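Data block below; observations after.
The values are calculated or read from the model by the stated rules, or taken from the named source; none is laboratory data. Since this is a predicted model, take the numbers as computed values, not measurements. Neighbour counts run over all protein chains shown; Cβ positions are idealised from the backbone, glycine included. Just the protein is used for accessible areas: all its heavy atoms, side chains included, with ligands, DNA and RNA removed. Shrake-Rupley method; radii C 1.70, N 1.55, O 1.52, S 1.80 Å.
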Amino acid sequence: MLSGGKRFRPALVLASSAAVGGSEASVLSAAAAVEMIHAFSLVHDDLPSMDNDDLRRGQPTAHKKFGEATAILAGDALLILSFEVLSRVCREVDLSTKQLSDLIETVARAAGHKGMTGGQSLDIESEGHDAGKDLLTDIHRKKTAELIMASCYTGAKLSGARKPQIEDLMKYAYHLGMAFQIKDDILDVAGKPEDTGKTVLSDEKKKKTTFVSVFGLEGSEKMLDKEKLLAVKSLRRFELPAEPLRELAKFVCERNN
Ligand code: GRG
């Protein structure tokens with residue numbers, strides 16, 4: 001949690017709250033809860049039985065530094081703590097019980113078999129095979145975009161967003177999530193390890209199908225631009241308060257880590 005990282009998902013919680021007129025202070029704990037789920041997923045993703053990575057954020061991965069059992073338990077504790085914190089937030093805001101249970105269900109679904117866990121499972125199963133465009137999109141919608149969508153949902157819902165606003169934000173977050181993953185695949189090939197803090201060509205070594213392996217670097221750059229454009233277009237009904245969300249879309253394309 002405290003070892004750096006871009007804090008991209010919490011930034012989305014805050015920016016989505018701002019886009020619908022909410023305050024940062026009211027969604028800070030929820031933003032931390034979402035980051036806990038993300039941090040947990042990275043710790044487990046790096047484990048020997050998953051991606052077996054030695055380096056994360058320029059430092060030894062959790063299991064390398066603290067041992068596998070501690071890394072598994074730290075991940076478990078983070079996931080559980082995220083829902084403890086989120087439940088506390090939900091008690092403090094002025095939403096109906098139905099809205100609150102809906103929020104917790106949305107975050108849980110994004111992390112579970114219909115979201116991140118399911119995407120991770122498909123990703124592992126497809127290693128060494130040519131996944132193809134549809135499976136590739138399905139994997140990354142689940143593995144990456146769903147939590148990004150849940151982050152925007154959380155910030156907006158806690159700040160009283162109306163249904164049409166949520167619908168627009170979910171379109172924004174879906175395209176942003178896909179853009180985020182396309183850029184991740186580009187960085188795995190074209191990024192510098194001193195910037196990414198990760199081993200280069202990690203996907204290629206594991207024979208993973210990626211946006212770059214299917215569409216090439218140039219094709220992936222074009223897809224990245226297209227997804228960013230679609231994300232920003234989804235915000236057309238929002239005015240100035242959605243500027244941080246537009247900035248985050250720009251950041252996704254320009255980031256070097
Ligand atoms: C959530 C129950 C549950 C299980 C998780 C291990 C696992 C199952 C899923 C892995 C999900 C995963 C690692 C997806 C990749 C998403 C991605 C592009 C991560 C990189 O995010 P950044 O660049 O990382 O925001 P930093 O270090 O900046 O925080």
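Brief remarks follow.
- Only one of the numbered conditions (1) surrounded by 16 or more Cβ atoms within 10 Å (Cβ to Cβ); (2) more than 14 Å from the ligand (Cβ to nearest atom); (3) more than 16 Å from D185 (Cβ to Cβ); (4) not charged (D, E, K, R) is violated by S96, and that is (1).
- Of the criteria (1) open to solvent by 60 Å² or more (accessible area, probe 1.4 Å); (2) within 7 Å of the ligand (Cβ to nearest atom); (3) charged (D, E, K, R), which one D45 fails: (1)
- Among the candidates G118, G112, G128, G67, residue that is more than 21 Å from V13 (Cβ to Cβ) and within 10 Å of the ligand (Cβ to nearest atom): G118
- The range 195-207, residues that are within 14 Å of N257 (Cβ to Cβ) and free of Cβ contacts under 8 Å to residues at least 40 places away in the same chain: V200
- Scope the range 221-257; condition closer than 15 Å to G177 by Cβ, polar (S, T, N, Q) and open to solvent by 40 Å² or more (accessible area, probe 1.4 Å); matching residues: none
- Check on A111, farther than 19 Å from K198 by Cα and over 17 Å from the mean Cα position of the chain (by Cα): no
- Annotation note: Cβ proximity below 8 Å between a residue of the range 55-74 that is within 25 Å of P193 (Cβ to Cβ) and a residue that is among the hydrophobic types (A, V, I, L, M, F, W, C) and more than 15 Å from the ligand (Cβ to nearest atom) (sequence gap 6+ or interchain) occurs for A74/F66.
- Entirely in the range 1-89, the helices (runs of 4 or more DSSP H) that have 3 or more residues that are under 22 Å from V252 (Cα atoms): 8-19, 24-45
- Long-range neighbours under 9 Å by Cβ, at least six apart or interchain, first residue under 19 Å from E221 (Cβ atoms) within the range 241-254, second open to solvent by 70 Å² or more (accessible area, probe 1.4 Å) and outside any helix (DSSP H, G or I): F251/K6
- Within the range 123-150, residues that are free of Cβ contacts under 8 Å to residues at least 40 places away in the same chain reach partners that are among the aromatic types (F, W, Y) with beta carbons closer than 8 Å, at six or more positions or on different chains, in the pairs R141/Y174; A145/Y174; A145/F180; M149/Y174.
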